[in-house]
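Data first, discussion second: the structure below is written as structure tokens.
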Amino acid sequence: MNAYDFDDTIYRGDSSLHFFVFYLRKEPGLVRYLPTVIKVLSDYHKEKIQFGEITARFGNLFEEYFTTHNVDFEQIAKEFWDKHEKRIKPFYKEIQKEDDLLITASPSFLAEEICRRIGIKHCLSTQFDIKTGKFIKACFREKKIDFLLEAYPDGQIDDFYTDSMNDKFLFPYAKRVFMVKGNKITRIK
């Protein structure tokens, strides 16, 4: 089994940020959250905060908004991917295998829809309750190990592709590890 991180690995960019901007165009009232979103995502990418802190900072804001606005996450995810699916990097289709695994911090409603579209049958992602707008369990950094071992107790990955050392916790579970920067792929293990 080959495993892939998603954002900046097989997807060009950060899908969660792209989703927020996409949804902001539909719901301009969300603009009041934009400074918080930018600050938190910037801190996260600079590794100043953990993923759990993102969900803590966003959790109450999003939960309040989504429960009062009856958001159809499944439909909005379809609309988002109609516009953003083209951001899947071409290299992925060239090496795709039937038993590929996507393991990502992206929320489940986004990750599961793109997996259906591009033919990835196995997806581990941050669990998000589409009824309440709550983050349930983050699939990030060392927590990705928990997701992997719960779904695949032997934890064996043939090739693992990532864009970040944030995924270093998964390296011991892979025979080979590849770092993806743009369209350049370099074997690091």
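The values are calculated or read from the model by the stated rules, or taken from the named source; none is laboratory data. Please read all numbers here as calculations on a predicted model, not as lab measurements. So basically every Cβ, Gly included, is an ideal-geometry build from the backbone, and we count neighbours across all protein chains shown.
Please go through (1) modelled with pLDDT under 95; (2) under 22 Å from Phe20 (Cβ atoms) for Met165 and return the number of the only condition it doesn't satisfy.
Here Met165 meets the rest and fails (2).
So the check is Cβ under 7 Å with 6+ separation or different chains; which pairs have a first residue in region 171-185 that's farther than 23 Å from Asp146 by Cα and a second one that's of a type in the set (Asp, Glu) and at pLDDT 95 or above?
Filtered contacts from region 171-185: Val180/Asp163; Lys181/Asp163.
Condition (residue is assigned to a loop (DSSP other than H, G, I, E, B) and among the aromatic types (Phe, Trp, Tyr)) applied to region 144-157: is it met by at least one residue? Walk me through it before giving the result.
So the first thing to find is which residues in region 144-157 are assigned to a loop (DSSP other than H, G, I, E, B), and the list is 152-156.
Still in the list and also among the aromatic types (Phe, Trp, Tyr): 152.
Looking through region 144-157, at least one residue is assigned to a loop (DSSP other than H, G, I, E, B) and among the aromatic types (Phe, Trp, Tyr).
Output the number of the condition that Glu85 fails; it satisfies all remaining conditions of (1) closer than 17 Å to Asp5 by Cβ; (2) exposed (fewer than 15 other Cβ atoms within 10 Å of the Cβ).
(1)
Among the residues of region 56-79, what is the count of those that are among the aromatic types (Phe, Trp, Tyr) and either modelled with pLDDT of 80 or more or farther than 26 Å from Asp43 by Cα (or both)? Outline the logic, then answer.
As a first pass, look at region 56-79 and keep what is among the aromatic types (Phe, Trp, Tyr): 58, 62, 65-66, 73.
With the extra rule that they be either modelled with pLDDT of 80 or more or farther than 26 Å from Asp43 by Cα (or both), the set shrinks to 73.
Number satisfying all stated conditions: 1.
Does Ala111 count as modelled with pLDDT of 95 or more, surrounded by 12 or more Cβ atoms within 10 Å (Cβ to Cβ), closer than 19 Å to Met1 by Cα and of a type in the set (Gly, Ala, Ser)? Lay out the reasoning, then the answer.
On the way: modelled with pLDDT of 95 or more: yes; surrounded by 12 or more Cβ atoms within 10 Å (Cβ to Cβ): yes; closer than 19 Å to Met1 by Cα: yes; of a type in the set (Gly, Ala, Ser): yes.
So Ala111 passes the test.
If we keep just the residues of region 106-140 that are in a strand (DSSP E or B) and out of contact with any helix residue (DSSP H, G or I) (no Cβ under 6 Å at 6 or more places or on another chain), which is nearest to Ile185 (Cα to Cα)? Steps first, please.
Residues of region 106-140 in a strand (DSSP E or B): 106-107, 122-129, 134-137.
From what is left, the residues that are out of contact with any helix residue (DSSP H, G or I) (no Cβ under 6 Å at 6 or more places or on another chain) are 107, 122, 126, 129, 136-137.
Details: Pro107: 25, His122: 22, Thr126: 25, Asp129: 34, Ile136: 33, Lys137: 30 Å.
Ranking the candidates gives His122 first.
For residues in region 138-189 being basic (Lys, Arg) and under 19 Å from Glu53 (Cα atoms), which is surrounded by the most Cβ atoms within 10 Å (Cβ to Cβ)?
Taking region 138-189 and keeping what is basic (Lys, Arg), we get 141, 143-144, 168, 175-176, 181, 184, 187, 189.
Okay, now just the ones that are also under 19 Å from Glu53 (Cα atoms), so 141, 143-144.
Working: Arg141: 19, Lys143: 17, Lys144: 24.
Ranking the candidates gives Lys144 first.
Go through region 114-133 residue by residue and tally those that are at pLDDT below 90, in contact with a strand residue (DSSP E or B) (Cβ under 8 Å, 6 or more places away or on another chain) and buried (at least 16 other Cβ atoms within 10 Å of the Cβ).
Count: 1.
What are the pairs, 6+ residues apart or on separate chains, where a residue within region 15-33 that is free of Cβ contacts under 8 Å to residues at least 12 places away in the same chain has its Cβ under 6 Å from a residue that is surrounded by 10 or more Cβ atoms within 10 Å (Cβ to Cβ)?
As it stands, the answer is Leu24/Leu30, since those pairs meet every condition given.
Yes or no: Ile136 out of contact with any Cys (no Cβ under 8 Å at 6 or more places or on another chain), within 30 Å of Gly155 (Cβ to Cβ), modelled with pLDDT under 90 and among the β-branched types (Val, Ile, Thr)?
So Ile136 fits the description; yes.
I need a count of the residues in region 158-172 that are over 23 Å from Glu47 (Cα atoms) and either within 20 Å of the chain's Cα centre (by Cα) or part of a loop (DSSP other than H, G, I, E, B) (or both). Steps first, answer last, please.
Within region 158-172, the subset over 23 Å from Glu47 (Cα atoms) is 158-159.
Narrowing the set further to residues that are either within 20 Å of the chain's Cα centre (by Cα) or part of a loop (DSSP other than H, G, I, E, B) (or both) leaves 159.
Matching residues across region 158-172 total 1.
Looking at Phe19, Phe6, which one is within 19 Å of Lys168 (Cβ to Cβ), of a type in the set (Phe, Trp, Tyr) and modelled with pLDDT of 85 or more?
Values: Phe19 fails: within 19 Å of Lys168 (Cβ to Cβ).
None of the other options fit; the residue is Phe6.
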